[in-house]
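**Student:** Submitted below is the structure of interest, expressed as C-alpha cells.
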C-alpha cells in the first residue's frame, strides 16, 4: 500500500476518535466521563500526528506524541485528585451540582428536566389457548358476508 493510503487511514481513525471524544465531552455531564473523552480526543490527535510523520518520513510527529502522552498522564493525575476532592465536597460527580465553585454574583445553573411522556398502557392482542375455538361475534360475521 502506498504511503498516502496509510496516512489517509491514520487520519480517518484519528478524526473518528477525536469526533467521538468531542461528542462525549459535550453531551455527558459526569466528570470522569468528560475526562475520558478528553483523553480520547488527545489520542485522536496523537494518531493523526503519527500518521503525518509516517507520511513525511519525519520523526517530529512521533516525538511530539511522546510529549502529548506525558501531558495526558499529568492531566489524568490532576483530574483524579480534582474528582476526588470535588466528590468529597459535593457528594456527586454531576457538573451542575457544583454551583458554589462559581464566581461571586453569578447566577447558578438551573437544569430543567424534560418531562416524561406517559402514554396509555398499550393493549396487546392475546392468542386463544390451544385446543379452544375462539369466540366469534355474530354481528361481525354478518357484516363480513355483506361486503
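The values are calculated or read from the model by the stated rules, or taken from the named source; none is laboratory data. Since the model is a prediction, treat every value here as computed from it, not as a measurement. Cβ sites come from the backbone with ideal geometry, for glycine too, and all protein chains shown count toward neighbours.
**Student:** Quick test of your reading of the structure: residue 67 fulfils all but one of (1) surrounded by 13 or more Cβ atoms within 10 Å (Cβ to Cβ); (2) at pLDDT 90 or above; (3) farther than 24 Å from residue 110 by Cβ. Name the failing condition by number.
**Tutor:** (1)
**Student:** Let me ask another. Keeping to the stretch 1-54, report how many residues are touching a residue at least 40 places away in the same chain (Cβ under 8 Å) and not in a helix (DSSP H, G or I).
**Tutor:** Adding up the residues that qualify gives 2.
**Student:** Oh, and also: Does residue 47 fit the bill of being at pLDDT 90 or above, buried (at least 16 other Cβ atoms within 10 Å of the Cβ), within 18 Å of residue 6 (Cα to Cα) and under 23 Å from the mean Cα position of the chain (by Cα)?
**Tutor:** yes
**Student:** For the stretch 55-77: of the residues being under 16 Å from residue 9 (Cβ atoms) and without any contact (Cβ under 8 Å) to a residue 24 or more places away in the chain, which is farthest from the chain's Cα centre (by Cα)?
**Tutor:** 56
**Student:** State whether one or more residues within the stretch 83-105 are surrounded by fewer than 10 Cβ atoms within 10 Å (Cβ to Cβ), in a helix (DSSP H, G or I) and at pLDDT 85 or above.
**Tutor:** Yes; the residues of the stretch 83-105 include at least one that is surrounded by fewer than 10 Cβ atoms within 10 Å (Cβ to Cβ), in a helix (DSSP H, G or I) and at pLDDT 85 or above.
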